[in-house]
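**Q** Shown below is the structure under consideration.
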Amino acid sequence: MSLLSKSFILTLVTLLITLLLLPKAASYLLSSVLRSIGWSIKKKTNARREIILARVRAEEEEFRSKQAKSSPRTAAEDEDWEKVDNSALGNAGNGKPGDDEWDGIIGFFHPFCNAGGGGERVLWEAVRATQKRWPKATCVVYTGDHDVSKAAMLERVNTRFNIQLHPPTVVLLYLSTRKYVLSSMYPYMTLLGQSLGSLIVAYDAFNLLVPDVFIDTMGYAFTLAFSKLLFPSVPTGAYVHYPTISTDMLESLDDKTGLKGVNAGAGTGWKGYAKRKYWIAFARLYGWVGGKVDVVMCNSSWTSAHIKSLWGPSRKRNNKVAYKEPTVIFPPTAVRELASSIQVDLESERKTREPTILYIAQFRPEKNHPLILRSFARFLNHRKKNQNNNSQPTPRLILIGSVRHSSPDETHIYNLRLLAHELRIRDHTTFLCDASWPTILSHLRTASVGANAMWNEHFGICVVEYQAAGLISVVHDSGGPKEDIVVDLGDGATGFHASTEEEFSAAFEAALALPEEEKVAMRLRARKSAQRFTEEEFWEKWIGEVEKLIGMRKEQK
């Protein structure tokens, strides 16, 4: 054993003994050391901060110069921004107009900002709302997408989500350590490995730039606690899409049906016992981490309930006077655009709608595409046995989703294509990877049914898109789609719930077999329900929460 290894082990053992025997003294010592490291990082990055801000000012001047020579923005764009401004100003929390002159830096921690999923839509809508509320602020996104320039990234955001951003005040800082949050790095104890790995990535981010406000929009809560320990004056915010651990995950270990996620039934034997103990211990650690977050936002009622349970006790202890429960901010969806561009009435039902089932979801295992493929195959087989349906067009299944290239996603979609071939539904199934927004819009206009098969989907932006486009939803009977979206608001059903292959198959058949008048009535009820999830609703609530963070930052100075 080398001298260096012996020294490291001795230091580690000494630290552990100190923590056990003198917890308060060790905590104070550790806190002091981390603050010293934070002070050093901030001092070291001050020069880069000035360079970044100078570059932002230069780009702003160049942008305005080009804008003056070109045509002004369209009336529709101006109307969008006016609505953001109207909802934001005067929302400072004290009834007085807010200060839109704040020119600090807001750091968004989102290492996979080019993934093209619902989480990325939230990120970029958050950046858009922040830009309009605080036009002089700089929005820094910490990303690991080295192969994408800022111009290409913003173009993709516009193409995929129809979100137009103000380029000068968007800054991408490229991380060199993103691999440490990949699940493939940790074949065992993946949750803990990724969480600790996120600290390495966060350290990388802070060494690029220390922001004035730090917000995690991807689910790496450990980075927020790390930020608070290094930089106590930097307010932290979390937009939680999905709790890293939950009581539902623990319950899934005892599931014998195989329907509750990728860990269903994994609680048997000594390995299952060890996994359960490990998850319980991790949940306690996760709860402690959540206690360090200043402002917590959740994307659904389901997520909020779990975060209250996990983070609530620790946050109450740390903020006995100022404690506030998580704010539910539903993810933004292009409800208005979909409603205005897609017709829902008897005429469109007869001329435009086709017997097509649409599933919009990233091509990842947790989205459970195999369940939809098997359910569709069962539905087609049952349909073939019904002689009365032979004269009608054969229904189609269209799967649309983003794929993280050079990742397991590519293998996953290859296996899905093989499964479609084995189920003999290949001729009736279409896979579309990384489709543009106009392509998605086209399929939303012509499809009849929208599906979602993920167990405990945290929210389900695609389900809201289905509703806004007038599709009849068939969703998993759990999570956000069940609790928040596909609900009866008093007028009648807005879709169907299912859990098993048999239930999904029956729901597809029931949805497509509805009489025209009933189909149109359900589509209109769904569209009305979708009005709860507009971009404007998101902007207003997002700005209100970020206002709190900026207020904390001002108080620190």
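**Q** As a quick test, which of the pairs Lys150/Lys179; Lys43/Lys277; Lys136/Lys316; Lys44/Lys277; Lys277/Lys316; Lys228/Lys528 have an alpha carbon distance above 32 angstrom in this structure?
**A** On the way: Lys150/Lys179 21 Å; Lys43/Lys277 42 Å; Lys136/Lys316 34 Å; Lys44/Lys277 42 Å; Lys277/Lys316 25 Å; Lys228/Lys528 42 Å.
Among Lys150/Lys179; Lys43/Lys277; Lys136/Lys316; Lys44/Lys277; Lys277/Lys316; Lys228/Lys528, the Cα-Cα distance tops 32 Å for Lys43/Lys277; Lys136/Lys316; Lys44/Lys277; Lys228/Lys528.
**Q** What list of ³J(HN,Hα) values in whole Hz, one per residue of the stretch 106-116 in order, does the Karplus curve 6.51 cos²θ - 1.76 cosθ + 1.60 (θ = phi - 60°) give from phi, with Gly and Pro shown as x?
**A** For the stretch 106-116, the Karplus-derived couplings read 9, x, 9, 8, 8, x, 10, 6, 9, 5, x Hz, x marking Gly and Pro.
**Q** Another question, then. Would the stretch 445-557 count as rounded, prolate or oblate if I go by the C-alpha gyration tensor, calling it rounded below 1.5 in a/c and otherwise prolate when a/b exceeds b/c, oblate otherwise? Display every interim value, and only then the final one.
**A** Details: a/c = 3.43, a/b = 2.15, b/c = 1.59.
It comes out prolate by the Cα gyration axes.
**Q** Would you grab the residues whose amide H sits under 5 Å from the one on Phe459? Only those 5+ places off in sequence or on another chain, please, with H modelled 1.01 Å from N.
**A** Gly480
**Q** Where the only charges are on Cβ atoms (+1 Lys, Arg; -1 Asp, Glu), what is the dipole of the stretch 398-446 about its Cα centre, to the nearest 20 debye? Don't skip to the answer; put the middle values down first.
**A** Numbers: 5 positive and 5 negative charges, 28 e Å.
Rounded to the nearest 20 debye, it is 140 debye.
**Q** If the reach is capped at under 15 angstrom between alpha carbons, list the aspartates and glutamates near Lys351, excluding any in the same chain fewer than eight residues apart.
**A** Leaving aside aspartates and glutamates fewer than 8 places away in the same chain, those within reach of Lys351 are Glu516, Glu517.
**Q** Let me ask another. Could you sort 326-334, 106-114 so that the peptide with the highest average Cβ count within 10 Å comes first and the rest follow in order?
**A** The peptides rank, most packed first, as 106-114, 326-334.
**Q** Hey, another quick one. Met189's amide H: which non-local residues (gap 5+, or another chain) put their own amide H closer than 5 Å, with H modeled 1.01 Å from N in plane and none for Pro or chain starts?
**A** For Met189, whose amide H was placed from the backbone, there are no distant partners under 5 Å.
**Q** Using the Karplus equation 6.51 cos²θ - 1.76 cosθ + 1.60 (θ = phi - 60°), what ³J(HN,Hα) coupling, rounded to whole Hz, does each residue of the stretch 179-193 give in order, writing x for Gly and Pro?
**A** Using θ = phi - 60°, the values come out as 4, 6, 10, 6, 5, 5, 6, 10, x, 10, 6, 4, 4, 5, x Hz.
**Q** Within the stretch 367-452, report the trypsin sites (Lys or Arg not before Pro) that DSSP leaves as loop and that have at most 13 other Cβ atoms within 10 Å.
**A** Details: sites: Lys367, Arg374, Arg378, Arg383, Lys384, Lys385, Arg396, Arg404, Arg417, Arg424, Arg426, Arg445; in loops: Arg404, Arg424.
Counting only loop positions with at most 13 other Cβ atoms within 10 Å, the trypsin sites (Lys or Arg not before Pro) in the stretch 367-452 are Arg424.
**Q** In addition: Once phi is turned into ³J(HN,Hα) by the Karplus curve 6.51 cos²θ - 1.76 cosθ + 1.60 with θ = phi - 60°, what whole-Hz value does each residue of the stretch 520-528 show in order, with x for glycine and proline?
**A** Those phi angles translate into 4, 4, 5, 4, 5, 5, 5, 5, 4 Hz.
**Q** Quick one: net charge of Ile360's neighbours, Cβ under 11 Å, K/R +1, D/E -1?
**A** Details: positive: Lys367; negative: Glu465.
Around Ile360, the charge tally is 0.
**Q** For Thr333, what residues show an amide H to amide H distance below 5 Å, using hydrogens built from the backbone and excluding near sequence neighbours?
**A** Correct list: Glu535.
**Q** Suppose every Lys and Arg Cβ carries +1 and every Asp and Glu Cβ carries -1, with no other charges. What dipole size does the stretch 105-233 come out with about its Cα centre, to the nearest 20 debye?
**A** About 260 debye.
**Q** Something else about it: Which aspartates and glutamates have a Cα less than 19 Å from the Cα of Lys519, not counting those fewer than 8 places away in the same chain?
**A** Hits, sequence-local ones excluded: Asp345, Glu347, Glu349, Glu354, Glu465, Asp488, Asp491, Glu509.
Every read-out reported here was derived from the displayed coordinates using simple, explicitly stated rules and does not represent laboratory data. Please read these numbers as outputs of a predicted model, since none were measured by experiment. Here Cβ is always computed from backbone atoms with ideal geometry, including for glycine, and neighbour counts include all displayed protein chains.
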